[in-house]
1. For the range 122-181, what class follows from the C-alpha gyration tensor (a ≥ b ≥ c being the square roots of its eigenvalues): rounded when a/c is under 1.5, otherwise prolate if a/b is larger than b/c, else oblate?
2. Mind listing the long-range amide H neighbours of L231? Cut-off is under 5 Å, sequence gap 5 or more, other chains count too, H placed in the peptide plane at 1.01 Å from N.
3. Treating only the Cβ atoms of Lys and Arg (+1) and Asp and Glu (-1) as charged, compute the dipole magnitude of the range 179-234 about its Cα centre; round to the nearest 20 debye.
4. Quickly estimate the mean residue ellipticity at 222 nm for the chain, helices only: each DSSP H run with n ≥ 4 gives -39500 (n - 2.57), and the total goes over all residues, rounded to 500.
5. What is the percent of Cα-Cα separations in the chain that go past 30 Å?
6. On average, how much accessible surface per residue is there in the chain, in Å², for a 1.4 Å probe, leaving out ligands, DNA and RNA?
7. Taking a 30 Å limit on the Cα-Cα distance, which of the listed pairs K20/K279; K275/K303; K203/K259 fall beyond it?
8. Under 5 Å between amide hydrogens, which residues at least 5 positions from T178 or on another chain qualify, with H placed 1.01 Å from N in the peptide plane?
Amino acid sequence: MEFKHVSVLLNESVDGLCIKPDGIYADGTLGGGGHSFEIASRLSPNGKLIGIDRDLEALAAAKKRLEPFSNVTYVHSNFSDIKNILSVKHIPAIDGAVIDLGVSSYQLDCAERGFSYMEDAPLDMRMDKEADFSAYDVVNSYSEQELTRIFFEYGEERFSKRVASLIVEARKAAPVSTTLELVEIIKKAIPEKLRQKGSHPAKRVFQAIRIEVNSELEPLKDALTDFFDVLSPGGRLCVITFHSLEDRIVKQTFASFAKGCTCPKDFPICVCGNKPRGKVITTKPILPSDDEMEFNKRSKSAKLRICEKL
């Protein structure tokens, strides 16, 4: 199927970069190239854009979309490797970056990728199809305790222990190998009255497995710090999140850049000498407009936070 993705908070995030036409910018999650197209459109021929994605299909789609621009460099990697990427490219610093932490519409809608709980497909959920570790491995090799932990921590699933128990019981007969097999197990774990209202009963567990498969949360703080480190003074980092776990990490990490002094509160004077390294531009996250949420229902949970390096 054709790679399609509707960029969320497109103008808000690109406007937030305050782009300099001759500057150097990075799109840490290139996807279908929506944010990158808008960034590249605002650059002069002397400007430069680095597009990073771990999904080769996304890179191929973005290259096609960004054909009009000759100043785009494409990198197959995880955005968490930004320092090494820039080192290899002999780029000492960048003037801004955008990171969209959402799953692309293509990945969700392409049944064979195994992200969706609405379509039957092999359990996969790998953003990088060259990776060895998949949702199948999580579901069929993790202990009941490990499954309970990730469902609770990454999915905030109330019935995490019950879901984990039923998965372990089911795989005694045969491996759980498809998305809809897993959905049926999850449904059995959740009381019927709760299945009939609210979001899909498998949404939280699928989110948790996807986060685990792609290591989405563990390296996030370090990745944000690395991006901030490579910003030039005045450079901005724009991050779009889609669930509270990500947003909390982004909020706390940005706050740490702006904090400065880390001395205990009862110290009469500062002895650490730490100064604020950044300024949080968005005291509250920027949310999609009503029009955007109506046009793209997947944008409803999106939040944009922006930080500037001093």
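1. Details: a/c = 2.00, a/b = 1.27, b/c = 1.57.
It comes out oblate by the Cα gyration axes.
2. I94
3. Working: 9 positive and 9 negative charges, 136 e Å.
Around 660 debye, computed over the range 179-234.
4. Numbers: 14 runs with 126 residues, N = 310.
Helices in the chain give a 222 nm mean residue ellipticity of -11500 deg cm²/dmol.
5. On the way: 18025 of 47895 pairs.
Considering the chain, 38 percent of its Cα-Cα pairs are separated by more than 30 Å.
6. Details: 15190 Å² over 310 residues.
Ligands and nucleic acids excluded, the result is 49 Å² per residue.
7. Numbers: K20/K279 19 Å; K275/K303 28 Å; K203/K259 36 Å.
The pairs that break the limit, which is 30 Å between Cα atoms, are K203/K259.
8. For T178, whose amide H was placed from the backbone, the distant partners under 5 Å are L123.
The values are calculated or read from the model by the stated rules, or taken from the named source; none is laboratory data. As the structure is a prediction and not an experimental result, all values here were calculated from the model. So basically every Cβ, Gly included, is an ideal-geometry build from the backbone, and we count neighbours across all protein chains shown. Please note that ligands, DNA and RNA were not included when accessible areas were found on the heavy atoms of the full protein model with its side chains. Shrake-Rupley method; radii C 1.70, N 1.55, O 1.52, S 1.80 Å.
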